[in-house]
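First comes the structure, then the notes that go with it.
The values are calculated or read from the model by the stated rules, or taken from the named source; none is laboratory data. None of these values were measured; they are calculated from a predicted model. Note that each Cβ is placed from the backbone with ideal geometry, even for glycine, and that neighbours are counted across all protein chains shown. Quick note on the areas: whole protein, heavy atoms, side chains included, nothing else; ligands and nucleic acids left out. Shrake-Rupley method; radii C 1.70, N 1.55, O 1.52, S 1.80 Å.
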Amino acid sequence: MTHPATRRTVLLATGGATAALVVGCSDYGDDNGSSSSEQSAGDSGEATSGAGGTELAKTSDIPVGGGTIFKDEKVVVTQPTKDDFKAFSAICTHQGCTVGSVADGTINCPCHKSEFRIADGSVAAGPATRPLPAKQITVEGGSISLA
C-alpha cells in the first residue's frame, strides 16, 4: 500500500535537490577569461624553507616584477624583486572571481577590474576593498612548492 506524498515530503525532497544544485554551482570563477599564464597552486605570502608540498614551478618560471597564476590550486605566485617570492589567493575578494593576469606590478581580476599589488596583495584599484589573502609557499633549490 502506498501513501500519497505530503507537503512535507515534497518540500524535503525538492530542498535536497536544490541544495545539491547550489553546491554544484558554487565554484564561480572557473571560466572567466583567465590568462594563458595560468597553471595550477598556499597562508603567509613569505617564502619559507623546508620540506614543501606540491611543486608549483621553478623559480626561473616566475618573472621578476610579475607572477604566475596557478588556477587549479587557486594561488598566484609573484616575484616583486629578484629572489623575493610571494603567494596569494587567486580568488578576488570582491565577488570571488579567479584573477586573470599579472601585469605592470598588479594581479588583475577580469570580472570587475580590481587590481592587487604583487608585493603584498593589497588593493591597488577597486571595487575590491580587501587584500588578497597571503598563502604559504616554500622556496628550496630553485623550486617553489605549496607549504
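What is the sum of charges, Lys and Arg at +1 and Asp and Glu at -1, for the other residues whose Cβ falls under 11 Å from the Cβ of GLY142?
Summing Lys/Arg as +1 and Asp/Glu as -1 gives -3.
Gain in length, LYS82 to GLU140, computed as 0.36 nm per residue apart minus the alpha-carbon separation, to one decimal in nm?
Contour length minus the Cα-Cα distance gives 19.4 nm.
At q = 0.18, 0.19 Å⁻¹, what base-10 log of I(q)/I(0) does the Debye formula yield for the range 50-104 when every alpha carbon is treated as an equal point scatterer in vacuo?
-0.60, -0.67
Could you let me know the centre-to-centre spacing of the range 56-87 and the range 116-134, using Cα atoms, in angstrom?
Cα centroid to Cα centroid, the span is 16 Å.
For the range 59-147, which whole percent of the accessible surface, found with a 1.4 angstrom probe, sits on carbon and sulfur atoms?
48 percent
Ignoring ligands, DNA and RNA, what accessible area per residue does the range 59-108 give at 1.4 Å, in Å²?
The answer is 37 Å² per residue.
LYS86: which lysines have alpha carbons under 19 Å from its alpha carbon, excluding same-chain residues fewer than 8 sequence positions away?
Answer for LYS86, where 19 Å is the Cα cut-off: LYS58, LYS71, LYS74, LYS135, listed by chain and number.
What spacing in nm lies between the two simple spin-label points modelled at ASP72 and THR54, each 7 Å away from Cα in the Cβ direction?
0.6 nm
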